[in-house]
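**Student:** So that we are looking at the same thing, I have put the structure below in structure tokens.
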Amino acid sequence: MCLRAACHKLVSYIWPFITKQRRNGNTYMIEQKNLQYDVVSAGGGLSGVFAAAAAARTGAKTLLLERTGMLGGMAVQGIILREVYHQTELLDKFLSILKDLGGLYNLPAYPPGLLPVAINGETLKLALFRICRENSVDVLLYSEACSLDQHKGKVSGLRALAKNMFFQIEAPVVIDATGTGDLVRRSGVWHTESSLYAYAAVILTGMNPALLCHRWKQAFVQDGFAAGQPGAQYCGPLYAGSPVCTVTICTEPRRCLVEFPVKCQADSLNPLSRTQAIAEAHLKCFKLMETLNRAPGFEQVRLSSLPPQLILRQTPPGKALLPEASNIPENIAAAAIGETGAVQYFSLEDLALSQPGGLMVCGRLAAIYTHTNEMNTGAALATGEAAGVCGALAAQKGCHPREINASQIRETLELTLTEEKEEKK
């Protein structure tokens, strides 16, 4: 049986249990469990974990939901941590854990102890779990937020579906850290007709970057790629007749992340459609891998691992989800370093939606609508922490997150803005 047929058979088997359909007069139902929290962070990537940890450190009872079986999201492929404007206590603890686990590498071009640093993707998973455990964050894996509950224009909780459990979660603050705006879409704020695509990516071992550059001199190659510098990229064909792919050097030796130009459209509000799109993208990816292994010079290239989830990208809606970033220092909640080296500010309005009250965003979703690089790790960490602190304070005071004073968030994170630094001088 081919993989496609197996996937369809599996989905057709479990879907009646999820939707509670009747067969032969019997109703198949999964167990429901009621939970109560102050803050729920949906999405276990870097930003979602930091949001949950920051909320817990601020005194909120916090839950983290992750649809896959591990934390880290796409960051487990190995990342270069940079663009950090301010190193918080939580970030220092995170880096300390990574160092103890042997997953932190200084890049040769930078002095030891200074950012940027390369992070081992496999070690990252362990470090994020430790961050959650040490900050008393409850974690539910294989649990996907499937709907947002609202009452009189305010968030009252959400519903999540796990492998064999349906969770009804009561919470006044919910943070959408999914990266694809799952909860924002379901709240009605985002246009539901905006397209959502699954893109295929694999991590390969044994690829020779120098050989790739030598064969395809017309391709786009970043400095350091041929020498195997982590984070350096190549954009071009892999072999004769190959589509143009993006290859990124991973932090682990001899490993590369390859993004194939394969996209499969999914219904943004249909979990089954997303599963089918991901499976279809995988199948197309494997076919390209078979061709790659037959190409001269790639016989020894092997599939090392698949990212825990495929890259899901959406076409932005006709109008912005969030207002443009405010440049008023009093309203700034987070900051990161942009691509040009300038400081990128995130206002409270960039993180907290006006409607429904209690719904917040961070990470990639916040970056998209402030024109920040979506892969900016500094922005992911900064917006995650700021959203977590703001959400915890709002839950404790029983108010809208936008009613929290941004200076209180900065004070909690010990964040000093450039303007404030100059005034103190």
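The values are calculated or read from the model by the stated rules, or taken from the named source; none is laboratory data. Since the structure is predicted, the reported quantities are computational estimates derived from the model, not experimental observations. Glycine gets a Cβ as well: all are built from the backbone with ideal geometry, and neighbour counts include every protein chain shown.
**Student:** At least 3 residues that are more than 20 Å from the chain's Cα centre (by Cα) and in the same structural domain as R364 (by TED's automatic domain parsing) in each: list the strands (runs of 3 or more DSSP E) lying fully within the stretch 145-260 that qualify.
**Tutor:** Qualifying strands (runs of 3 or more DSSP E): 154-161, 165-170.
**Student:** Still on this structure: Please enumerate the residues belonging to the stretch 163-184 that are out of contact with any Asp or Glu (no Cβ under 8 Å at 6 or more places or on another chain) and either within 24 Å of R364 (Cβ to Cβ) or basic (K, R) (or both).
**Tutor:** Those that are out of contact with any Asp or Glu (no Cβ under 8 Å at 6 or more places or on another chain) and either within 24 Å of R364 (Cβ to Cβ) or basic (K, R) (or both): K163, I169, V174, I175, A177, T178, G179, T180, G181.
**Student:** Evaluate the following for A366: is it modelled with pLDDT of 90 or more, part of a helix (DSSP H, G or I) and within 29 Å of L95 (Cα to Cα)?
**Tutor:** Criteria not met by A366.
**Student:** Could you list all residues from the stretch 342-353 that are part of a loop (DSSP other than H, G, I, E, B) and under 23 Å from the mean Cα position of the chain (by Cα)? Walk me through how you get there before you give the answer.
**Tutor:** So in the stretch 342-353, the residues part of a loop (DSSP other than H, G, I, E, B) come out as 342, 353.
Of everything in the stretch 342-353, just one residue is part of a loop (DSSP other than H, G, I, E, B) and under 23 Å from the mean Cα position of the chain (by Cα), namely L353.
**Student:** Name the single residue that is surrounded by the fewest Cβ atoms within 10 Å (Cβ to Cβ) among those in the stretch 330-368 being of a type in the set (D, E) and in contact with a helix residue (DSSP H, G or I) (Cβ under 9 Å, 6 or more places away or on another chain).
**Tutor:** Step by step, filter the stretch 330-368, then rank; the result is E330.
**Student:** Can you tell me which residue within the stretch 220-239, out of those that are touching a Cys at 6+ places or on another chain (Cβ under 6 Å) and closer than 21 Å to Q300 by Cβ, is surrounded by the fewest Cβ atoms within 10 Å (Cβ to Cβ)?
**Tutor:** A226
**Student:** If I ask for residues that are touching a Phe, Trp or Tyr at 6+ places or on another chain (Cβ under 7 Å), free of Cβ contacts under 8 Å to residues at least 60 places away in the same chain and under 13 Å from L71 (Cα atoms), which ones from the stretch 115-145 would you list?
**Tutor:** A127
**Student:** Give the residues of the stretch 127-143 that are in contact with a helix residue (DSSP H, G or I) (Cβ under 9 Å, 6 or more places away or on another chain), surrounded by fewer than 20 Cβ atoms within 10 Å (Cβ to Cβ) and not in a helix (DSSP H, G or I), sorted by residue number.
**Tutor:** Within the stretch 127-143, N135, S136, D138, V139 meet the criteria.
**Student:** Something else about it: Only one of these is modelled with pLDDT of 85 or more, basic (K, R), over 30 Å from L283 (Cβ atoms) and assigned by TED's automatic domain parsing to the domain that holds T412: R57, R82, R67. Name it.
**Tutor:** Exactly one residue qualifies, and that residue is R57.
**Student:** Could you please find all residues in the stretch 71-100 being farther than 14 Å from G384 by Cα and assigned to a strand (DSSP E or B)?
**Tutor:** I79, I80, L81
**Student:** Could I ask something else about it? Specify the residue that is surrounded by the fewest Cβ atoms within 10 Å (Cβ to Cβ); the eligible residues are those in the stretch 33-51 that are part of a strand (DSSP E or B) and not hydrophobic (A, V, I, L, M, F, W, C). Working first, answer last.
**Tutor:** Narrowing the stretch 33-51 to residues part of a strand (DSSP E or B): 33-36, 39-42, 45.
Checking which are not hydrophobic (A, V, I, L, M, F, W, C) leaves us with 33-34, 36, 41, 45.
Working: K33: 12, N34: 9, Q36: 11, S41: 38, G45: 27.
Looking at residues that are part of a strand (DSSP E or B) and not hydrophobic (A, V, I, L, M, F, W, C), I get N34.
**Student:** For the stretch 261-301, how many residues meet the condition of being surrounded by fewer than 19 Cβ atoms within 10 Å (Cβ to Cβ), of a type in the set (G, A, S) and under 19 Å from the mean Cα position of the chain (by Cα)?
**Tutor:** Looking only at that region, the number is 0.
**Student:** Looking only at the stretch 98-126, count how many residues are at pLDDT 75 or above, more than 17 Å from the chain's Cα centre (by Cα) and surrounded by fewer than 19 Cβ atoms within 10 Å (Cβ to Cβ).
**Tutor:** 4
**Student:** Exactly one condition in (1) of a type in the set (G, A, S); (2) surrounded by 14 or more Cβ atoms within 10 Å (Cβ to Cβ); (3) at pLDDT 80 or above is false for S326; which is it?
**Tutor:** (3)
**Student:** Related question: Take the residues of the stretch 246-300 that are farther than 17 Å from Y197 by Cβ and among the small types (G, A, S): which is modelled with the highest pLDDT?
**Tutor:** A295
**Student:** Look at the stretch 57-87 and say how many of its residues are of a type in the set (S, T, Y) and either buried (at least 21 other Cβ atoms within 10 Å of the Cβ) or without any contact (Cβ under 8 Å) to a residue 40 or more places away in the chain (or both).
**Tutor:** The number of residues fulfilling the criteria is 2.
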